[in-house]
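Worksheet for the structure shown next.
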Amino acid sequence: MVALLLAVCVIWTGLRLMPKPSLLSGVPFSPVVTDRQGELLRFGLATDDVYRQFVPLEKIAPVMVGGTLLYEDRYFYRHAGANPVALARAFRNEFSGSGRRLGASTITMQVARMRYHLNTRTWGGKLRQIAAAARLECLYSKSEILEAYFNLAPYGRNIEGVGAASRIYFGKNASELSLGEALTLSVIPQNPRRRAPGSADGRALNESRCVLFNEWIEQHPQDAGKRAFFEMAMQVSTLAQRTYLAPHFCEDCLRSLASNGPESREPLATTLDLGIQEILERQIARFSGERKSQGIDNACAVLIDYRTMEVLASVGSADFFNKEINGQVNGAQMRRSPGSALKPFVYALALDQGIIQPHTLLKDAPTSFNGYNPENFDRDFMGPVQACDALVQSRNIPAVYLASKLKAHSLYGLLQEAGVEGLREEKQYGLTIALGGVEVSPENLAALYAMLANRGLFNPLRKLESEAKIAPQRMLSPEAAFLVLDMLKQNNLPGYTGKRTAGTDAVNMRPVAWKTGTSYSFRDAWTAGVFDHYVLVVWVGSFDGHPNPALVGRSAAAPLFFSIIGNLRARESGDSTVASWELNAGLNLAEVDLCAVTGELAGAHCTHRRKGWFIPGVSPLTTCAVHREILIDAKTGYQVASPDAASEVRREIWEVWPSDLQALFRFAGLPRRTPPPFAPGKEGAVVTKENGPEILSPRSGMEYHLRLEGGEAKVPMQAHAEAAVRNVYWFVDKTYVGSTTPGETLFWPAKPGRYQVSAVDDVGHSTTRALVVATVE
């Protein structure tokens, strides 16, 4: 007898230790997506069209385990698969006909039936179930069997497993179930059709859980005070209420889940914040309703925390279920023309390459760039404008000019480094790339603006908490990134025409660094920006790309952008922390006094000054030479070259602009006063810079193809010069060909050949340029 028992123990131990598949091997589980707090976003169907979420036994609430064992199999830990007493009782009732039919299936037997799909309504099927249960007890531990039960048990309709039931009915994890919720779920598997929450026979569920509660308090008298709870109807959610939140974002994340293989059991924990997501969805729905009369019925938005690069909210369309707007298209990932929303990166690269500092004067005037003739949005020109104002006011010509001056590291290269997909060859874009000639998605733009907030370090967006952080990539210097955001936060709020408020929210005065964009033909309206520790990108338009004059970034997208910011800040009221992107500690920056008019270092005669940043060793910075002290003959009113040139001299401060800028001011309708002339015959020249004239024509790098007509062909020669320069003298291969005033054009009769053209001002400074002339028939 002892030997027999020993043999049984050895066999049993061997079976336990031998390799065996998991009890749940091959069981498909539902794709489950949660937000960062574990809130359910999406509960998809498993491949067998069942809602089933895997939950390990240790993550199931103890009251759920206890209630189920009490109701289903209180002797679970004592039997070897089947309960002989219960089987005998059921057998007696079946054949005596003396009572109702009793169930005798233990939890192990139920697992065997569910796992092996046994028909247990016949005696043969019941015997196979008992044998299978015995085999399970030999192969698996009680914990493994119990875990399998809680992942396979039916809880009504096509819901299986306590993980799915707790999520769908109560909106929580199985580990968070209360006593009432646990006992409610415990009684469902015995009769899931009648006892499922929301079924027609609601009394069946209430009566069964009250019976179980009475049994429970016999073992747990301390819970007797909760009886009133069980006498009330249980409040549960429906499936539709809990399975389709943040649809575009979830679809994207589920594609990531599929890439991990169909056997993935764990819920997909995302970075999304459901509370913030709902704020964005409400604001977009409200905005679309209000603007429908303007033909605006769709929008999308992406919000990220730039510190972690986590996507906190992503709304792909105004209404996922609206077929008229193609609502199931994910606009957050659709590539569209961003208009001027990429200009900040042109300016950042120009800052890094020493082409400008924030207050460098740029020319906003009709300009041709090798045949490309950009215009401003308002079809007007401002003349000379400081870089910060040109960016904030979204002037096109200065942006294209800066793009033309960028060296190897261009905007195209920056977009490549940022992983923007679908880029064609750089030459196909040319300089139009600065004005939105390339297509990017809202997600692309959010990552780029986050790079500015992160001091020039680029990291891809993170949507899953399991995604590993990677080492950031340096794209811009910390100084250039800071300066661009410092420029952008000077942007007034939309519709505000008073004194500039430095991009601050009128409610709490915290800054917002933001930029709008409008695509060609009014197909897309954008606003992107940085505030607090967030980056927000808003797109407004139509997925089919039809034009709409109402689709202007500042009037269409910006109001929605600031509406979202206002609601987010109201949600986080009381947080007055200064964001990292606003701080300049540790940066290689210097603050100096600048001339408020020219943007250069303030000279002795500059009366209007302002503070400004520059990057030492990088930024181009010279002392203002526009404000000068002019000597005036008090008697004649003429300018004189020295104090000794008149008996009584009056000293006055005048603006003396170079001829090209003076012409731009006149073109923009803002002519500047010029100093009095010298007396006839006593002309002088006061030039403080040693630069020669700037040759505008012939153009650098161009070969002139001239058609001979009437035996004569001419090349235009034009140059700008210092304000005090009166004449520019032209030479071709050291042969004098004529003179002009600054800005005047001289036409030189040309013949085919290669030449050196020189422009010399009346102070002796010169500039030389190569000229190639060819003729065509």
Exactly one of Asp364, Asp378, Asp389 is over 27 Å from the mean Cα position of the chain (by Cα), surrounded by fewer than 23 Cβ atoms within 10 Å (Cβ to Cβ) and among the charged types (D, E, K, R), and that residue is Asp378
Residue by residue through region 171-211, note down the ones that are acidic (Asp, Glu) and more than 18 Å from Pro154 (Cα to Cα).
Glu176, Glu207
Subset of region 26-69 (residues that are open to solvent by less than 30 Å² (accessible area, probe 1.4 Å) and of a type in the set (Lys, Arg))
Arg42, Arg52
Give the residue that is nearest to Glu375 (Cα to Cα), with candidates limited to residues of region 419-443 that are hydrophobic (A, V, I, L, M, F, W, C) and open to solvent by 20 Å² or more (accessible area, probe 1.4 Å).
Leu435
Of those in region 138-173 that are open to solvent by 40 Å² or more (accessible area, probe 1.4 Å) and of a type in the set (S, T, N, Q), the residue farthest from Val32 (Cα to Cα) is Ser143
Of all strands (runs of 3 or more DSSP E) completely enclosed by region 285-380, which ones contain at least 3 residues that are closer than 16 Å to Val537 by Cα?
299-305, 310-315
Residue ID - nearest to Pro675 (Cα to Cα), chosen from residues in region 722-777 that are of a type in the set (D, E, K, R) and open to solvent by less than 30 Å² (accessible area, probe 1.4 Å):
Glu722
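Which members of region 516-570 meet the condition of being assigned to a strand (DSSP E or B) and open to solvent by 10 Å² or more (accessible area, probe 1.4 Å)?
Filtering region 516-570 down to residues assigned to a strand (DSSP E or B) leaves 516-518, 524-531, 534-541.
Within region 516-570, Thr516, Thr518 meet the criteria.
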Determine whether region 121-137 contains at least one residue that is open to solvent by less than 50 Å² (accessible area, probe 1.4 Å), in a helix (DSSP H, G or I), at pLDDT 85 or above and in contact with a Leu (Cβ under 6 Å, 6 or more places away or on another chain).
yes
Against the definition (touching a Ser or Thr at 6+ places or on another chain (Cβ under 8 Å) and touching a residue at least 60 places away in the same chain (Cβ under 8 Å)), how does Gly566 come out, yes or no?
no
Look at Tyr306 and say whether it is modelled with pLDDT under 90 and closer than 30 Å to Ala557 by Cα.
no
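The values are calculated or read from the model by the stated rules, or taken from the named source; none is laboratory data. Keep in mind it's a predicted model, so treat the numbers as computed, not measured. Please note: Cβ atoms are built from the backbone with ideal geometry, for glycine as well, and neighbour counts cover all protein chains shown. These accessible areas exclude ligands, DNA and RNA; they are computed on the full protein's heavy atoms, side chains included. Shrake-Rupley method; radii C 1.70, N 1.55, O 1.52, S 1.80 Å.
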